[in-house]
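The values are calculated or read from the model by the stated rules, or taken from the named source; none is laboratory data. All figures in this text were calculated on a predicted structure; none of them were measured in a lab. Neighbour counts are summed over all protein chains in view; Cβ atoms, including those assigned to glycine, are modelled from backbone coordinates with ideal geometry. Side chains are part of the model used for accessible areas, which takes the heavy atoms of the whole protein and leaves out ligands, DNA and RNA. Shrake-Rupley method; radii C 1.70, N 1.55, O 1.52, S 1.80 Å.
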Amino acid sequence: MPKRIAILISGRGSNMEALIKAAIPETHIALVLSNKADAKGLETAKAHGIPTALLPHKGFATREEYDAALHAILFDHKIDAICLAGFMRILSAEFVNKWPNKILNIHPSLLPAYKGTDTHRRVIEAGEKHHGCSVHFVVPEMDAGPVILQASCPVMPDDTEQSLGERVLKLEHEIYPKALALFAGGKLQVTGNKVLVKE
Ligand code: GRF
């Protein structure tokens, strides 16, 4: 039985589309959920025939209440695992702990370096020669979970935030589907903060 995957987005959804287009046999993209009504990715998901849901934060007094509603939707759709793809909300520890090693995220840096936002700008300002992206399992601490796959690229002397971001984004679209395929194929073994890729 393919794993039923929910992809959570807040915007453009290019990583979401890369995951959909990869058509990984061990996965079924069962739901795309956004916290933003104007997320372009919602239209893209619909165009691919994927069920969508909108869960705006308005009306929820606390993060825990929002996350309980999110969990209920995922439960209703019989979701097995979650891919965060530009979902701009921090998930509560309570929520994350309900999905141990079942939430994947793509982050635009070579973790553990450059956690958080504005990674491309900070990498350029720091004069780094290399940058990249990481797919990791989500733990309650932000951008701190076990890394599954990474890809790196050079930082060019004349790079802008945009040119560097585009170079990294291409790599994101390559490694996120690869990481999801490894996960869905049962090839990942997590020990502490390390992920072993089994042959
Ligand atoms: C990507 O850069 C991803 O690494 C970060 O948010 C961005 C989402 O872009 N988490 P998209 O919506 O997938 O195009």
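For region 1-20, check the following and say yes or no: at least one residue is part of a helix (DSSP H, G or I), surrounded by fewer than 14 Cβ atoms within 10 Å (Cβ to Cβ) and free of Cβ contacts under 8 Å to residues at least 12 places away in the same chain. No - not one qualifying residue is present in region 1-20. Against the list (1) farther than 27 Å from Arg63 by Cα; (2) acidic (Asp, Glu); (3) surrounded by 16 or more Cβ atoms within 10 Å (Cβ to Cβ); (4) within 12 Å of the ligand (Cβ to nearest atom), the condition Glu166 fails is (3). Would you confirm whether any residue within region 52-61 is modelled with pLDDT under 95 and open to solvent by less than 90 Å² (accessible area, probe 1.4 Å)? Yes: one or more hits.
Here Thr160 does not fit the description of being open to solvent by 80 Å² or more (accessible area, probe 1.4 Å) and among the polar types (S, T, N, Q).
Would you call Val135 more than 12 Å from the ligand (Cβ to nearest atom) and β-branched (Val, Ile, Thr)? Criteria not met by Val135. Within region 51-69, not a single residue is closer than 29 Å to Gly186 by Cα, touching an Asp or Glu at 6+ places or on another chain (Cβ under 8 Å) and within 12 Å of the ligand (Cβ to nearest atom). When we screen Arg63, Arg4 for residues that are within 24 Å of Pro108 (Cβ to Cβ) and among the charged types (D, E, K, R), the only hit is Arg63.
Does Ala72 meet the test of being open to solvent by 10 Å² or more (accessible area, probe 1.4 Å), away from the ligand (no atom under 15 Å from the Cβ), assigned to a loop (DSSP other than H, G, I, E, B) and modelled with pLDDT of 95 or more? Taking the combined requirement at face value, the residue does not satisfy it. Selection of region 56-100 for residues being in contact with a Lys or Arg (Cβ under 7 Å, 6 or more places away or on another chain) and among the small types (Gly, Ala, Ser) yields Ala81, Gly86, Ser92. Among the numbered conditions (1) in a loop (DSSP other than H, G, I, E, B); (2) within 12 Å of the ligand (Cβ to nearest atom); (3) closer than 22 Å to Leu182 by Cα, tell me where Leu104 comes up short. Here Leu104 meets the rest and fails (1).
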